[in-house]
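Undergrad: The structure that follows is given in the form of structure tokens.
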């Protein structure tokens with residue numbers, strides 16, 4: 001997608017060496033998200049170069065993302081041809097499910113083992129914003145960060161792939177409590193329960209993420225990619241399967257390291 005096309009849906013995309021940065025760029029509405037944005041994120045994910053080793057996701061201004069743009073829930077919106085969530089009501093159940101599947105692709109690409117994804121969060125990460133942060137491998141938060149799964153307050157469920165990483169991070173009971181109450185989780189609590197890997201003062205957030213990106217790109221690229229793939233599925237595998245995959249990955253690593261020596 002061109003910068004102009006991305007800008008039209010409220011996104012910026014920049015690549016500096018092995019680090020790509022995706023910025024939600026609608027600060028006037030606290031980076032509220034739209035279906036068009038989700039589709040553009042999916043397209044960005046499909047087009048990422050193999051040279052990219054770290055993807056940083058952040059929001060312009062003082063807020064990561066306030067979640068779904070509420071205008072997208074208004075049946076009166078969309079008259080200009082803009083795709084809205086309210087428009088789903090006119091579809092069949094299967095069409096709705098298929099459409100949500102397409103939206104989810106704007107989040108799932110961040111799990112790709114080719115790179116490590118990092119959410120750089122300041123201010124609010126609410127609803128779809130929280131789920132976007134959860135889609136990333138690592139979360140670095142400013143001290144003012146606030147996380148909230150707001151969907152239940154709207155009579156909905158989280159459907160942008162956030163439920164699985166939330167349970168994996170904090171456990172079933174805490175995830176249920178966070179989702180069902182739709183309460184705010186502050187930065188310090190987020191770090192304590194495993195939602196964020198680091199919390200830093202707001203004026204140090206950029207530097208902290210830059211330092212992390214540097215550390216993530218220091219090892220050989222294959223080593224990081226193989227490790228991410230091993231860890232991603234470890235919880236659902238038997239020890240025997242995990243041992244086998246470790247052996248197979250290590251054989252590939254030995255061959256590459258020896259070949260490059």
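Undergrad: Let me make sure I get this right: for segment 221-260, a, b and c are the square roots of the gyration tensor eigenvalues over alpha carbons, sorted descending. Under 1.5 in a/c it's rounded, otherwise prolate if a/b > b/c, else oblate. Which is it?
TA: Taking the square roots of the gyration eigenvalues as a ≥ b ≥ c, segment 221-260 is oblate.
Undergrad: Follow-up. For the Cα atoms of the chain, what angle does the longest principal axis make with the long axis of helix 221-232, in degrees from 0 to 90, nearest 10?
TA: 60 degrees
Undergrad: For segment 67-159, take the convex hull of the Cα atoms, compute a quarter of its surface area, and give me that in nm², please.
TA: Its average projected convex-hull area is 7.2 nm².
Undergrad: Mind running the shape call on segment 130-245? Use the C-alpha gyration tensor, a ≥ b ≥ c as the square roots of the eigenvalues: rounded below 1.5 for a/c, prolate if a/b tops b/c, oblate otherwise.
TA: In terms of gyration-tensor shape, oblate.
Undergrad: With springs connecting C-alpha atoms under 10 Å apart, model the chain as a Gaussian network and identify which of 239, 11, 231 has the largest mean-square fluctuation.
TA: Highest fluctuation among the options: 239.
Undergrad: Taking springs between alpha-carbon atoms closer than 10 angstrom, which of 43, 240, 28 fluctuates most in the Gaussian network model of the chain?
TA: In the Gaussian network model the winner is 240.
Undergrad: Here's something else I'd like to know. Taking the chain as the reference, fit the longest principal axis to its C-alpha atoms, fit the long axis of helix 239-260 to the helix C-alpha atoms, and give the angle between the two in degrees, 0 to 90, nearest 10.
TA: Once rounded, one gets 70 degrees.
Undergrad: Can you tell me, using C-alpha contacts under 8 Å and at least 6 residues apart, the relative contact order of the chain as a whole percent?
TA: Relative CO of the chain lands at 16 percent.
Undergrad: Sort 133-144, 161-172 for me by packing, meaning the mean count of neighbouring Cβ atoms within 10 Å per residue, highest on top.
TA: 133-144, 161-172
Undergrad: Same structure, new question: Which value at 222 nm does the chain reach when only helices count, each DSSP H run of 4 or more adding -39,500 (n - 2.57), with the total divided by all residues and rounded to the nearest 500 deg cm²/dmol?
TA: That calculation yields -13000 deg cm²/dmol at 222 nm.
Undergrad: Could you work out the percent of alpha carbon pairs in segment 1-124 separated by over 26 Å, rounded to a whole number?
TA: The proportion of pairs with Cα distances above 26 Å equals 22 percent.
Undergrad: Running a GNM on the chain with Cα contacts under 10 Å, which residue among 73, 160, 44 ends up with the highest mean-square fluctuation?
TA: Of the options given, 73 has the highest mean-square fluctuation.
Undergrad: In addition: Give the Debye-formula value of log10 I(q)/I(0) at each listed q (0.08, 0.13, 0.14 Å⁻¹), with one equal scatterer per alpha carbon of the chain, two decimals each.
TA: Computed log10 I(q)/I(0) values: -0.33, -0.87, -1.00.
Undergrad: What relative contact order, as a whole-number percentage, does segment 54-137 give when Cα pairs under 8 Å and 6 or more residues apart are counted?
TA: The value is 49 percent.
Undergrad: Could you tell me the distance between the Cα centroids of segment 206-248 and segment 84-140, to the nearest Å?
TA: 22 Å
Undergrad: Could you grab the relative contact order for segment 1-154? Cα pairs under 8 Å, six or more apart, rounded to a whole percent.
TA: 23 percent
Undergrad: Cα-based Rg (one decimal) and Dmax (whole number) for segment 191-261, in Å?
TA: When restricted to Cα atoms, segment 191-261 yields Rg and Dmax of 16.3, 46 Å.
Undergrad: May I ask for the Kirkwood hydrodynamic radius of segment 164-227, worked out over all distinct Cα pairs and given in angstroms to one decimal?
TA: Averaging 1/r across every pair of different Cα atoms and inverting gives 14.0 Å.
Rule-based calculations on the coordinates, nothing more; no lab input. Nothing here was measured: the structure is a model prediction, and the numbers come from that model. Methodologically, a virtual Cβ is constructed for each residue, glycine included, from the backbone with ideal geometry; neighbour enumeration extends over all protein chains shown.
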